[in-house]
Amino acid sequence: ANGPIAALLAAVGMTAMANLVLTDAIAGPLGAGLVASASTARLSVAVSRDGLFPRWVQAFSHRGVPLRALLMNTVVGLAMLMVFRNGWQEILTFNTGAIVLSFCAGPVTLVALRHQLPDRRRPFRLPRATLVAVSAFVVVGLIVHWTGWDTLRRIAVPIAAGAVLFAWRVWRDHARGEAKVNYEIREASWLVPWFAGLFAISWMGSFGGGRGWLSPALGSVVTAVLAIAIFPLAVHLRLPDRSALSYVEEDREIPAE
């Protein structure tokens with residue numbers, strides 16, 4: 001079916017303009033998809049260098065294109081299309097929920113850096129940063145909750161897969177006697193109650209196949225309370241100030257390509 005703008009243009013006889021709108025509706029997402037394909041391929045290469053993906057993913061063509069990473073991501077993308085058989089809306093909801101869930105680290109990082117690097121020069125200093133960060137963290141939780149249980153239980157699959165890969169990496173390094181890296185498990189431990197709480201509330205909630213034990217309003221309130229409770233824990237478990245400073249200095253030393 002056509003979108004509302006294209007349908008309106010066609011109804012008033014502006015067929016050429018309607019076709020232009022439909023063409024843009026195809027070309028726009030196609031361009032974004034090409035950009036996403038390139039960026040996620042580079043991300044796969046980085047994950048491979050961290051030891052979580054096979055080494056063959058790191059291979060580049062003579063033109064500097066990570067072809068194997070692109071191929072792997074294409075296969076995964078096609079598999080995702082097979083999982084979501086109910087159409088575009090289901091894929092869009094999953095993608096939105098997953099992206100928004102990843103944003104939970106941003107507000108925590110903002111407040112943590114205020115503690116770790118309080119005297120660092122900033123061209124722009126956000127006023128009421130803690131209030132803004134907590135509000136953003138709550139909004140992240142609410143949006144994820146509103147996507148519904150059917151979506152969130154699918155998001156749990158890649159989260160669980162990532163956790164298994166990480167656990168395997170830690171076990172492998174210990175088995176080889178190479179466990180010299182600080183995996184910073186303590187600093188990330190707040191994610192366990194955060195994810196567990198979101199999944200539990202969504203399962204008991206009324207959105208997207210939940211059990212319906214919590215009304216939409218009550219489920220939203222409980223999610224907001226969870227976010228407000230988890231946020232100070234996440235900030236408290238931040239990296240030590242010295243470690244944060246070393247990461248910042250290390251990042252500054254990396255030359256631009």
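Below 8 Å, C-alpha to C-alpha, sequence gap of six or more: please give me the relative contact order for the range 1-83 in percent.
17
Which value at 222 nm does the chain reach when only helices count, each DSSP H run of 4 or more adding -39,500 (n - 2.57), with the total divided by all residues and rounded to the nearest 500 deg cm²/dmol?
-24000 deg cm²/dmol
In whole Hz, what ³J(HN,Hα) sequence does the range 194-208 give by Karplus (6.51, -1.76, 1.60; θ = phi - 60°), x for Gly and Pro?
Per-residue couplings from phi come out as 5, 5, 4, x, 4, 5, 5, 5, 5, 5, 7, x, 10, 9, x Hz.
Restricting to Cα pairs below 8 Å that are 6+ residues apart, what does the relative contact order work out to for the range 87-257? Please round to a whole percent.
31
Going by Cα centres, the range 198-236 and the range 78-120 are how many Å apart?
So the separation of the two Cα centres works out to 17 Å.
What order, most packed first, do the peptides 159-172, 186-199 have when packing is the mean number of other Cβ atoms within 10 Å of each residue?
Output ranking for 159-172, 186-199: 186-199, 159-172.
Step through the residues of the range 8-14 one at a time and calculate ³J(HN,Hα) from phi using the Karplus curve (6.51 cos²θ - 1.76 cosθ + 1.60, θ = phi - 60°), rounding each to whole Hz and writing x for Gly and Pro.
In residue order, the calculated couplings are 5, 5, 5, 5, 8, x, 8 Hz.
Taking the highest mean first, how do the peptides 120-128, 149-157, 99-107, 17-25 order by number of other beta carbon atoms within 10 angstrom per residue?
Top of the packing list down: 149-157, 99-107, 17-25, 120-128.
For the chain, what number results from the quotient of the Cα radius of gyration and 2.2 N^0.38 Å?
Compared with the compact-globule rule of thumb, the chain sits at 1.21.
Under 5 Å between amide H atoms, partner at least 5 residues away or on a different chain: which partners does PHE53 have, H built in plane at 1.01 Å?
Amide H neighbours of PHE53: SER48.
Quick one: Kirkwood hydrodynamic radius for the range 1-83, alpha-carbon pairs, angstrom, one decimal?
Hydrodynamic radius (Kirkwood, Cα only) of the range 1-83 equals 15.3 Å.
Considering amide H positions built from the backbone, and no H for Pro or chain starts, which residues 5 or more places from GLY210, or on another chain, come under 5 Å of its amide H?
HN-HN under 5 Å from GLY210: TRP149, ASP150.
Convert each backbone phi in the range 226-237 into a coupling constant with the Karplus relation 6.51 cos²θ - 1.76 cosθ + 1.60 (shift: θ = phi - 60°), then list the ³J(HN,Hα) values in order as whole Hz, x for Gly and Pro.
In residue order, the calculated couplings are 4, 4, 5, 6, 6, 4, x, 5, 4, 5, 5, 8 Hz.
Bear in mind these aren't lab numbers, they're just calculated from the coordinates by the rules spelled out. Since this is a predicted model, take the numbers as computed values, not measurements. Ideal geometry is used to build each Cβ from the backbone, glycine not excepted, and the neighbour counts take in all protein chains shown.
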